[in-house]
Amino acid sequence: MAECVRVICRCRPLNSRELALKSEVCVEMDQSVAQTILLGDGPPKQFTFDGVYYMDSTAEQIYNDIVYPLVEKVIEGYNGTVFAYGQTGAGKTFSMQGVENIPAQRGIIPRTFEHIFTATATTANVKFLVHVSYLEIYNEEVRDLLGKDKMQKLEIKEHSEKGVYVSGLSMHVCHDVATCEELMARGFNNRHVGATLMNKDSSRSHSIFTVYIEAMDETGSIRMGKLNLVDLAGSERQAKTGATGDRFKEATKINLSLSALGNVISALVDGKSKHIPYRDSKLTRLLQDSLGGNTKTLMLACISPSDNNYDETLSTLRYANRAKNIKNKPKINEDPKDALLREYQLEIERLKQIAVNGSSEQVIVQNVDLEEEREKLRAEFEQAMNQLRAEYELEQKSKAALQQELASLQSQYEKAQADIETDTNPADIKKRIEMLQNQLVGGEQVNNEALKADRQKKMKAAEKKMQRLAAALNVHRDDPLLHVYNSTQEKLEALTKQYTQEQEKVRALEREVEDIQGEFELDRLDYLETIRKQDQQLRLCYQIFEKLQPTIRKDLNYANLEKIRKEAIWDDDQQRWCIPEVVSSRTNLPSANPNALGQKSEQNYIHEDDDGISRLRRKLEDSNVDDIAKNYFKPLKATDLVNKYKADSTRMLSERSHHHHSNSSSKSSSSMRHLPATHDGLNTGDLYSDDLIERAGSAQRKPHRLDALPMPRNKSFT
Ligand code: ADP
Ligand code: MG
């Protein structure tokens, strides 16, 4: 059954800065009809939600009113998502994480832990397995906040049955509140925090804390609920935060995820678009199921009451107002294929079987089985290794990567072997069964009637509250045309009143159109600015590449940029280009005629907008390509020898000056670079510039052996 995303709005108190600035409060709330009223220059703007919470509200109230029933559903096997949206400093983290020292303000995340473990403890005949994971999206990169290496970037993948998931994300089993809290605190401390002008501690990242609850009843059927608790990065426009440089890069990318979220919401609400752009950002891909999918979703819109945040508050309220119209189709996840509980259960059964079959006869049978299993493992290992070897020869994969794969295969094999060994030891088996069973929770407090009653009471209270609100909202929806009136006068008055109300609505809609246009204009400016900055970055990369391209050896595939461009494939999953490996092709040996070479060089090296370095590099490449061995013993003409002699003495001079005036040497060598490249000697002299130490060294050695030169006819030149 389809149901809408629930949206609540929370307004924090004025903070000390706003109080010092004597900011005015521009937000009012009417809790009886769940309305937020924004006061500005024009008439007040009203927004109706599923609940509104003013300055003095607590996380406890919010939890009991609306999060409690949602988490109950997750325990039943539904998926649930709670996400906090709003500008930096509006109270997202305060609501999700909360503060420890004020019990009523403990956040939504720690409250779910208590709730879940109370629920599991008071449920009879059901075993639960609870896992948590905590990730962060920062600069469009996903990182595990609880992983061994928190810098490692994780990939988002899609599985036909599992759906979208983060590959390699660590999941931690939890059997009590304390473990969950410890994990939450650990992950939270690993979050990226950046100081913007608006709020020193504000986080520029999106974080998703997920609780996975699997439940198995006596019949063995499994239900699996997943609860995402999302703390989004600040929704403010980047101009206001004064973001520049590196922080600007973050801001553009963070806006990318939030803009994508906005676009997904628009597309869902619009109803006409067939394509929902989930794939446009990491955030929308991970929240795909929560927006228009199989999830019960709650959005918490956090706002500031201060009039100097009017624009951002309006933007948040409008965003939240749109999200109300998203329709989801939540259903219980029954007997999912990837349930871990089933694996646990199978393993426990298997171990128990081994423990029971401990008699000597069976041990022999078992040992035969073991031998068979060992043999099977060995065969598998060998087969896999052969395959790897074959791959090595075929694909010429990098040696290091393959060795790593081999090593991991080896360790897997050894582990499997070790497992078999321990399987035969009764003490070990007992220990492992205990360990596995300890990870499951459920039924510890089945007889605690007070706890059970409390759970019931909370559910009832939440339901009642919702019903009251629905009733209050329906009161105003009487149709005056269906009413029976005593006189025409009375009817006229009622209709006039109705007419005035409708006119008011039209005016409100007109203002709405203006708001949208204003916001659209701001978005447009934002996008233009982003495009401009990105264009500059692109140009920089391009210019760097243009400078470098002449230095690429001609026999490398990368010398032909057009071809590389054609071969590049965009990988949507990884959000990057797959480009060909650098491959070197064989080159035909060039003609060994030094004169011909010289001419070719002259033509090649004079290039209008070239500077010395590029010329030099190209010359070096060509000298690499040339068949050195062939030219080595080739007789040189006298003129070549004279040039060589000049070149050598220039080089020695320049070397000397380099040692003696190391400060001025860079100047002199750079001025040399700009001399005409046609002069061989100077060209040779340029080979010793600092950038090219290695190659210059080898090129310099080339002509040193003169044994094979013919004797010059005119000896006087020496
Ligand atoms: P965000 O995560 O949205 O950037 P925070 O949750 O960090 O903002 O809140 C910013 C500041 O405002 C914090 O110091 C927090 O303690 C305070 N604050 C936020 N919401 C409330 C609230 N409802 N009541 C009291 N203080 C609040
Ligand atoms: Mg925050």
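Computed packing ranks the peptides 543-552, 81-90, 126-135 as 81-90, 126-135, 543-552, most packed first, by mean other Cβ atoms within 10 Å.
Applying a threshold of 27 Å to the alpha-carbon distances of Lys274/Lys331; Lys92/Lys296; Lys148/Lys324 flags Lys148/Lys324 as lying beyond it.
Packing order of peptides 103-115, 300-312, 500-512, highest average first: 300-312, 103-115, 500-512 (average count of other Cβ atoms within 10 Å over each peptide's residues).
Counting only Cα atoms, the range 100-238 measures 56, 43, 28 Å along its principal axes, largest extent leading.
The equivalent ellipsoid of the range 479-594 has semi-axes of 74, 17, 8 Å, largest first, where each one is the square root of 5 times an eigenvalue of the Cα gyration tensor. For Lys491, what accessible surface area do you get with a 1.4 Å probe? Give it in Å², rounded to 10. Spelled out: Lys491, probe radius 1.4 Å, area about 90 Å².
Charge tally around Lys150: other residues with Cβ under 9 Å, Lys/Arg +1 each, Asp/Glu -1 each, net -1. Within the assembled protein chains, the solvent-accessible surface assigned to Ile516 is about 80 Å², based on a 1.4 Å probe. Restriction of the trypsin sites (Lys or Arg not before Pro) in the range 1-61 to DSSP coil positions whose beta-carbon has at most 11 other beta-carbons within 10 angstrom yields Lys22. Surface calculation, 1.4 Å probe, protein heavy atoms: Arg539 sits at approximately 140 Å² accessible. Built from the Cα atoms of the range 46-149, the convex hull projects on average onto 9.5 nm², one quarter of its surface area.
The values are calculated or read from the model by the stated rules, or taken from the named source; none is laboratory data. In this text, all values refer to a predicted model and were calculated from it rather than measured experimentally. For neighbour counting, all protein chains shown are included, and Cβ atoms are generated from backbone atoms with ideal geometry for every residue, glycine included. The protein model used for the area step is the full one, side chains on, heavy atoms only, and it has no ligands, DNA or RNA in it. Shrake-Rupley method; radii C 1.70, N 1.55, O 1.52, S 1.80 Å.
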